[in-house]
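The values are calculated or read from the model by the stated rules, or taken from the named source; none is laboratory data. All values derive from a computational prediction rather than experimental measurement. All Cβ positions, glycine included, derive from the backbone under ideal geometry; neighbour counts span all protein chains shown.
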Amino acid sequence: MEKPTIAVAALVVRDRKVLLIKRRYPPSAGKWSLPGGHVELGERLEDAVLRELKEETGLDGTVRSFLRPVEYIEWEGGRVKYHFVILVYLVEVAGNAQPKASDDAEDAAFVPIEKALEMDLTKTTREVIESLPSHL
């Protein structure tokens with residue numbers, strides 16, 4: 001990478017369960033993370049997070065608020081291999097729709113927050129979940 005890439009992630013919490021996807025491709029292939037991905041040129045951030053949510057889980061959502069930024073930086077051989085600035089949005093999905101993994105997700109599920117923290121999470125997903133307000 002020559003410069004940081006802007007990405008988005010959807011934090012969906014329902015009944016003290018968080019929506020996670022199992023990543024199919026690098027970086028962090030095989031780890032669980034929030035649904036999300038790259039922002040396309042000319043795409044608004046909120047549109048990007050809803051597109052990624054739909055592509056990876058089949059779920060439609062509504063952005064409720066911007067939550068926080070996180071960064072993922074991975075080094076290899078003294079050089080930056082990946083540098084993502086990830087903008088995390090609180091997203092609500094309607095009803096009791098269940099996720100279906102698609103696109104670059106191997107699996108998708110709502111997981112109790114406490115159990116999620118015991119899973120093999122990406123660094124940034126763990127950071128977001130550990131900082132969740134207790135009312136979510």
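For segment 1-43, name all the residues that are under 16 Å from PRO69 (Cα atoms), not in a strand (DSSP E or B) and not β-branched (Val, Ile, Thr). Across segment 1-43, the qualifying residues are PRO4, LEU34, PRO35.
Could you identify the single residue in GLU56, GLU74 that is of a type in the set (D, E, K, R), modelled with pLDDT of 95 or more and not in a loop (DSSP other than H, G, I, E, B)?
Details: GLU74 fails: modelled with pLDDT of 95 or more.
Exactly one residue qualifies, and that residue is GLU56.
Residues being buried (at least 20 other Cβ atoms within 10 Å of the Cβ) and either within 13 Å of ALA7 (Cβ to Cβ) or touching a residue at least 24 places away in the same chain (Cβ under 8 Å) (or both) are entirely absent from segment 74-83. The set of residues in segment 19-45 that are free of Cβ contacts under 8 Å to residues at least 60 places away in the same chain and either under 16 Å from ASP107 (Cβ atoms) or crowded, with 17+ Cβ neighbours inside 10 Å (or both) comprises ALA29, GLY36, VAL39.
Quick one: would you say THR57 is surrounded by 14 or more Cβ atoms within 10 Å (Cβ to Cβ), touching a residue at least 60 places away in the same chain (Cβ under 8 Å) and polar (S, T, N, Q)? Please lay out each step first, then the result.
Working: surrounded by 14 or more Cβ atoms within 10 Å (Cβ to Cβ): yes; touching a residue at least 60 places away in the same chain (Cβ under 8 Å): no; polar (S, T, N, Q): yes.
The answer is no for THR57.
The residue that is surrounded by the fewest Cβ atoms within 10 Å (Cβ to Cβ), among those in segment 108-120 that are in a loop (DSSP other than H, G, I, E, B) and touching a Phe, Trp or Tyr at 6+ places or on another chain (Cβ under 9 Å), is ASP120.
Does GLU46 satisfy the criteria of being under 12 Å from the mean Cα position of the chain (by Cα) and in a helix (DSSP H, G or I)? Talk me through it step by step, then tell me what you get.
Working: under 12 Å from the mean Cα position of the chain (by Cα): no; in a helix (DSSP H, G or I): yes.
Criteria not met by GLU46.
Are any of the residues in segment 89-107 in a helix (DSSP H, G or I) and surrounded by 15 or more Cβ atoms within 10 Å (Cβ to Cβ)? So far as segment 89-107 goes, no, none of its residues is in a helix (DSSP H, G or I) and surrounded by 15 or more Cβ atoms within 10 Å (Cβ to Cβ). Go through VAL49, VAL63 for me and flag whichever is among the aliphatic types (A, V, I, L, M) and in contact (Cβ under 8 Å) with a residue 40 or more places away in the chain. When all the criteria are applied, what remains is VAL49.
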